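First the structure, in the form of structure tokens, and then the observations on it.
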Amino acid sequence: MSATEQSTELAAISLRLETAFEHIYRERMSDIPVINEKISIHAIGFQPWEQSYLGVMVTPWFMNLMLLPSALENWDDKKTGTHTSYYFPSGRYQFLTGFEAEIGKYQSCSLFSPMFEFADDTAAIETAEIILQELMNSENIEQGDIQTEEIEKIWQGEIEKPTEKQDLTTEQTHAPPTSKINTPISRRQLISLGMGDKKRAE
């Protein structure tokens, strides 16, 4: 595949994801109190990775690492709701297999869910870009897996909707970063990104 063809394919994948999640937002999520209305829907940085496509999906209710199969990969044997671990330069990450009619099978690793700690769309996009960068940084150290599935179960209709925003808050309480990370970070810091003005551990 030429560079031009690959670029066209990646653009099509990003558009397909954004269109699908816009539909999910309007049809299933718009009246649920896990929505940060300051955040829009973005497919960030999708790129080839092994025989898949890797990027970050940003929505008003979650930010996930996401894997989609390329034409060279068959995921028929992967059952929805099962987990698969993948090794990146920064460590091991656990992905959950999901399915949407407009997308097909995909695998996701939860980063933030819900998204209330993000002040605006720019902060969410910047965080997604930093995560992709640091994911491939071998100096970062894995310290555990994130397995936040409750939000996905809500938009899949598998569990009841919460009535208050406080029902689905996260551990992080500060605003996301607004500048590029320049020092190695742990797996937990990769996810929380040293929120706000809190200094990273040396």
Item checked: Candidate set: the range 1-14, residues that are free of Cβ contacts under 8 Å to residues at least 12 places away in the same chain and hydrophobic (A, V, I, L, M, F, W, C); chosen: the one farthest from Ile44 (Cα to Cα) -> Met1
Notebook entry, point to check: What number of residues within the range 101-126 satisfy the criterion of being assigned to a strand (DSSP E or B) and surrounded by fewer than 17 Cβ atoms within 10 Å (Cβ to Cβ)?
Noted result: 1
Next item on the list: Go through the range 61-88 and count every residue that is touching a residue at least 60 places away in the same chain (Cβ under 8 Å) and among the basic types (Lys, Arg).
Entry: 0
Next item on the list: Give the number of residues within the range 89-142 that are aromatic (Phe, Trp, Tyr), under 21 Å from Glu22 (Cβ atoms) and touching a residue at least 40 places away in the same chain (Cβ under 8 Å).
Entry: 4
Notebook entry, point to check: Looking at Ser90, Ser85, which is the one that is within 21 Å of Met136 (Cβ to Cβ), of a type in the set (S, T, N, Q), surrounded by 14 or more Cβ atoms within 10 Å (Cβ to Cβ) and in contact with a strand residue (DSSP E or B) (Cβ under 8 Å, 6 or more places away or on another chain)?
Noted result: Ser90
Notebook entry, point to check: Looking at Ile44, Ile32, Ile24, Ile39, which one is touching a residue at least 60 places away in the same chain (Cβ under 8 Å), surrounded by 14 or more Cβ atoms within 10 Å (Cβ to Cβ) and assigned to a strand (DSSP E or B)?
Noted result: Ile44
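Read-outs throughout are calculated quantities, based only on the coordinates presented, and are distinct from any laboratory measurement. For clarity, every value in this text was computed on a predicted model and none was experimentally measured. Every residue, glycine as well, gets a Cβ built from its backbone with ideal geometry; the counts of neighbours run over all protein chains shown.
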